[in-house]
Every structure is written in C-alpha cells, then in structure tokens.
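Report on the following structure.
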Amino acid sequence: MSELSARHATPGRLVAISITLLVLLSPFLWLLQMSFKSNDQILQFPPPLIFTPTLENYISLWHSAFSASFVNSLLSASLSTALALLCGVPAAYALSRWAGSGKHGLSFAILVTRMAPPIAFTIPFFLFYRWIGLLDTITGLVLVYTSFNLPLVIWMMQPFFDTVPISLEEAALVDGARTRTVFTKIVLPMVTPGIAATAILCFLYAWNDFFFALILTRTNARTAPVAVVNFMNYEGWEWGKIAAGGSLVMAPVLIFSLAVRRYLVSGLTAGAVKG
Amino acid sequence: MNQGGIDGERRAFIAFALTPSLIVLFAVAVLPAIYLVVTSLTPFQLTAPGSATDFGAPLRNYGLLPGDPRFVNSLAVQAKLSFWGVLFQVLLGMLLALLLNVPSRFVEFARTFFLIPMVLPPIVVAVIWKLIYTPDISPLYYAAQALHFTLPALTSSVDFALTAIIIADTWEWLPFTFLMVLAALQTIPDEYSEAALVDGANRLQIFWYVTLPFITPILVISGMFRLIDSVKAFPLIFLLTSGGPGTVTEVTNYYAYLLAFDTNEIGYSSAVTVVMLLLVAGISLGLVWMGRRREAMA
C-alpha cells in the first residue's frame, strides 16, 4: 500500500526539496559568505565564489564600539528574561490552578499586549523615560522588553503547569507541606524543560528587538541590531562590517532556536486562539 | 478536618503568585496604553511647552485623520502589503508543507533549516534584503548583468518598491505558515488518502477533497496571525525604502513613527496609533472568537 501512498520520499521529491532549500536560504548564505570577504573581494565583479576567507571584518568589529553594543544586547535580553520569568512563572502556575472567572479576562489582556504594534508602547515609554531619565539605559530597555516577555511567559508556562497532576500536590499538602514548598519542591522541578524553552524564546524576542532600541537608546545602551544599521552611514556603507555584524547578531538566535524548535509555534502564536 | 485551612492557604498563595505579574503588567502595559490615549487628546509637540496638557479640543486629532491624505494612503498601503503578503505566505507555506510532508529522516533534518528566515532578527532580514536590492553588490544584479539584462532599481521605483517589501516579508514569514500547515498535515490519517487512491482518485482530487478540507482551518488561522503581525514589518520598511519613494511604502505604523520621532507631532501620532491599535484589537478579538467557536465545535 505504501507504494500507492501520496506521502512517499521519492528521489524526485528529495531533489525538489534540496533545490527549494538552497533557493530559500541563498539570501542568508550570501550575507554569511560576505562577512568573510575583504572589501576588495566584496566589490569584485563577478563575485568570487571561491576565495580565501578572512576574519578582518570580525576583528575590526571586536575593536570597535560594536562589542559594547553586543554586551548591551546580552545584558538587556538576559535581564528582561530573568525579570519576566521571576514574575511570570508563579503567575502562570496561579492561572493554571485558579478556576476563577477572571481567567478569560486576564488571558485577553495578555493577548492584546502581545498583538499591539510596538509603536503603541514606544510613544508612552519614550515620554516617560525622558521625564525620569531612563532614556538610553539598560534598565529602560529591560522594562520595555518585559511588556512583551511577561505575557509570553504566562502564556507559554500555563500549559506546562496544566500537565502536572493536581493529585500529586494534594498528597503533599495532606502530608502537611505548605503550598509554597509544594510549588518550589514538587511542581517547579517538573516544568524545568518548559522554563528553559520559555527563557530561550524570551531571550530571542528581546535580542531580536530593533524598534524599541532604535528609539529608546542613543549611545550608552545601544544594542547590536541598531549598531549594525549604524554601519550604513553617510560616508558610505561598510558592507564587510555590516555582514559580519549581522552574522554575529544572528548567531545566538540560530543556536538557540534549534534548541527550542518544538516550542517555536506556541511561542510565536502566544496569546491567541485559545483564549 | 483541616481542609479549609489548606484551601485558604492555597488561595492566598495563588493571589501572592499573581500579584507581581499584575503589578508589572499594569505598569508596563495598562499605564502606557492610558498615557497613549491621554496624549492623543492633546496637540502635544515636544517643542511646544504646555501642549502636553492642553485638553482644549480633545478630539481635534481624531477629526483631522479622515482628511489627512498620508494617513488614508498609509491604510491603503498597509492593506496592500497585508493582503499580498498573507496570500503569498499562506499559499507558498502550504506548497512547501505539502512538499515536505513525507516520512524521511533527511526531510525531518532539512525542515529545521527551512525555519531560519523566521527566527533571524528582523533587522538582519532587512540587511539581507538591502544587500539583494542594492545594485552595486547584489547577487541578483550580478546575475542579471551576467545574462545581459538590466534590472531597474527595485526599492526606489514607484512600481516595484512595495513589491520588493512584500517579497522580503514573504521570505521572512513563509516558514511560519509552513510550520503551521505541516503540523496540520501530520494529523491527517493516511487511511483517508489511501482509501481515495483505491477508489481511483488522482493526486489533485485527493488534495482537493481530502487534504484541503482538513487544513482549511489552519490556513485561515495562520493567515490571521500573519495579518495581525503584518503591521510589524517596520525594520524592512525602515531599511529598504524609508516609506518611499514618496509615500508608496509608507504604512500606518511607519507614518506614526515619522510623526512622533521625526516631526515631533506626538499628540497626532498617538491618535494615529490609537486607531491602529483598535483595528488590531478588533482583528484579534475576531481571532479569539473563531478559536473559541472551533473549540466548542470540537
């Protein structure tokens, strides 16, 4: 019967898949190979497909202000992830165990925060930061990233808590354990994989941000994505540095997203459909 | 019985666990939203003292919107971008999912690589397409030159600029619809198509009568997701066209950005943003409603 099946990995199909993959990824591969070319090689026509790779673009980035902005990105993304997890994980547990009527209302509120276009947050945050002096600070970025990471944590973690059998908790409670102890000693260890996946997604969302960082930072807290764009300046575009910077910005993303591939869809659609 | 005591303690713990999130969400989401609405009722300009608290004509900004050609144009541009983007992403995502829906170790391995454009930082996606659309160094222009064919400047042409954005946006988000459709395809039991084959149906008929009805809901849902998120194409527009040439690629999001952070019209920009927010919330509500109805039917 499998001979008849429409779902069959024929050689023709494998070739089609390989070609499609190559075509789809070629723009990405082009940026990557460019980051290992010298300026002369970049401008050469026709472009050399075989060349001696050089690390000069990466080395000059290392010695430039780019490295500081890379650290800013790391800091703001990790701190906002930590803050969102710290608040959001207990909240997700509470929502999972709470059968109250406010549950749907809260879920909808969370949905709206996830769906709102960034500009809706940027204007008020910009005005407020200007007033209290949080413009161009890591703290300012961490707070604004929490506005989209906290809902993500609550949304992602709730199903994980739902899978922990309530009878397990009840048994411990009857034995005299306190709710807090049950949560930290029994429930949390069971959802560790979920916390890891959620943490990575939070990190990626904050890491990928361009819009907030563009408007809310200048030089002190400038993040790597904004720094890459700054290589496109009036004196001419430094394509080697742009390519190397872009490759560095996407490196952690590629590594991490492979790790959480299974959770990508729920992370990307967080806050919708299942109200 | 000690049951009441345990329940009381549990309830207290649940409240305690929710409180920090509620406080933070209030501070970083509810307050900014209120502030945005308040600002939209004023003629706020950073350079005009006192304008932030001038509530003399609260609905003035909203009254100006229908007569503002750039605002009306921006809605039309967004509609075009969203419509074509979503259409291509859903169709191509479906084709890709159909192609990759085969039981094979290699294909499973390859699937991961198809997801790359979606997870890349949006600004890197924009840089990649800037590279492709910049004649001097673009592989696309090299190829055209090698074939003795002259490509027009894509991102600065009135006719092609929006198409260039749509192509880049489709490249970025195709993996998303692909992933959703593939997940749906894998829930279809093999028996259906095998039974249809035995009955003499051809590939096209199986697709039309067996596969398509199965995946239609997921096509609609993933399309809705993309529709809502299509207002976030900011990095592409920022880097590729800056809304130009003229206002050909100026979506509402970008117009609001220019108003607030380029021309200092913060009050008016807030009003534009509030209208945009209401539109997005309306679509999101529809999505939730559809999701609930599906759950109720299931």
Of B:GLU265, A:GLU235, A:GLU170, which has the most accessible area with a 1.4 Å probe, and how do the rest follow in descending order?
-> A:GLU235, A:GLU170, B:GLU265
Relative counts (whole %) of C-alpha pair distances in chain B, using bins that are 10 Å wide = 5, 19, 24, 23, 17, 9, 3, 1, 0
Computed curve, the range A:136-221, Cα-only Debye sum without solvent term, log₁₀ I(q)/I(0) at 0.15 Å⁻¹, is -0.67
Histogram of C-alpha separations across the range B:45-196, 5 Å bin width, % | 2, 8, 11, 12, 13, 12, 11, 9, 8, 6, 4, 3, 1, 1, 0, 0
Relative contact order (%) - chain A, alpha-carbon pairs under 8 angstrom, separation at least six | 31
With +1 at each Lys and Arg Cβ and -1 at each Asp and Glu Cβ, the charge dipole magnitude of the protein assembly as shown around its Cα centre, to the nearest 20 debye, comes out at 720
With unit charges on the beta carbon (Lys/Arg positive, Asp/Glu negative), name the residue among B:THR163, B:PHE44, A:ILE59 whose Cα is farthest towards the positive pole of the charge dipole of the protein assembly as shown.
-> B:PHE44
Report the residue, chosen from A:TRP30, A:TRP207, A:TRP239, that carries the largest GNM mean-square fluctuation when chain A is represented by alpha-carbon nodes joined by springs under 10 Å.
-> A:TRP30
Cα extents of the range B:220-298 per principal axis, largest first, Å, are 51, 27, 16
Report, in cubic angstrom per residue, the convex hull volume of the C-alpha atoms of the range A:187-275.
-> 149
Of A:HIS104, B:HIS148, A:HIS63, ordered by accessible area with the largest first and a 1.4 Å probe, the sequence is B:HIS148, A:HIS63, A:HIS104
State to the nearest 20 debye the size of the charge dipole of the range B:204-298 about its Cα centre, where the only charges are +1 on K and R beta carbons and -1 on D and E beta carbons.
-> 460
Just report the Cα centroid separation between the range A:20-70 and the range B:41-95, whole Å.
-> 38
So what are the three principal axis dimensions of chain A from its Cα atoms, in whole Å, longest to shortest?
-> 75, 71, 31
Could you pull the accessible area for A:ARG130 with a 1.4 Å probe, rounded to 10 Å²?
-> 120
Place a +1 charge on the Cβ of each Lys and Arg in the range A:54-181 and a -1 charge on the Cβ of each Asp and Glu, then give the dipole magnitude about the Cα centre in debye, rounded to the nearest 20.
-> 320
For the range B:31-73, state what percent of all Cα-Cα pairs lands in each successive 5 Å bin, counting from 0 Å until the bin that includes the largest distance.
-> 5, 22, 23, 23, 19, 7, 0
Mind jotting down the distance between the C-alpha centroids of the range B:238-284 and the range B:194-220, whole Å?
-> 43
Have a look at the range B:66-111 and give its Rg and Dmax from the Cα atoms, expressed in angstrom.
-> 18.4, 58
Using +1 at the Cβ of each Lys and Arg and -1 at the Cβ of each Asp and Glu in chain B, identify which of B:MET118, B:PHE261, B:LEU174 lies farthest towards the dipole's positive end.
-> B:PHE261
For the cross-link pairs A:LYS37/B:LYS232; A:LYS241/B:LYS80; A:LYS241/B:LYS232, which exceed 29 Å when the distance is taken from alpha carbon to alpha carbon?
-> A:LYS37/B:LYS232; A:LYS241/B:LYS80
Got a sec? What order do A:VAL142, B:VAL198 fall in by accessible area at 1.4 Å, biggest, i.e. largest, first?
-> B:VAL198, A:VAL142
Sum of -39500 (n - 2.57) over DSSP H runs of 4+, divided by residues of the protein assembly as shown (222 nm, nearest 500) | -22500 deg cm²/dmol
Which value results when the Cα radius of gyration for the range B:123-270 is divided by 2.2 N^0.38 Å?
-> 1.45
Per residue, how much accessible area does the protein assembly as shown show when a 1.4 Å probe rolls over the protein heavy atoms, in square angstrom?
-> 45
Rounded to the nearest 10 Å², the accessible area of A:ASP162 at probe 1.4 Å = 90
For peptide B:92-103, the mean count of other chain Cβ atoms within 10 Å per residue Cβ is 3
Evaluate E = 1/(1 + (r/R0)^6) for A:ILE59 and A:TRP131, where r is the Cβ-Cβ distance and R0 equals 41 Å; express this FRET efficiency to the nearest 0.05.
-> 0.50
In whole angstrom, and with the biggest value first, how far do the Cα coordinates of the range A:41-165 range along each principal axis?
-> 66, 43, 24
Can you pull the semi-axes for the range B:1-81, root of five times each eigenvalue of the Cα gyration tensor, sorted largest first, whole Å?
-> 46, 19, 10
Once all protein chains are kept in place, B:LYS80 shows an accessible area at probe 1.4 Å, nearest 10 Å², of 110
Cα-based Rg (one decimal) and Dmax (whole number) for the protein assembly as shown, in Å?
-> 25.4, 89
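The values are calculated or read from the model by the stated rules, or taken from the named source; none is laboratory data. All figures in this text were calculated on a predicted structure; none of them were measured in a lab. Reconstructed Cβ throughout: ideal geometry from the backbone, glycine too, with neighbour counts over all protein chains shown. Each accessible area value is taken on the protein alone, full model and side chains, heavy atoms only, with ligands, DNA and RNA left out. Shrake-Rupley method; radii C 1.70, N 1.55, O 1.52, S 1.80 Å.
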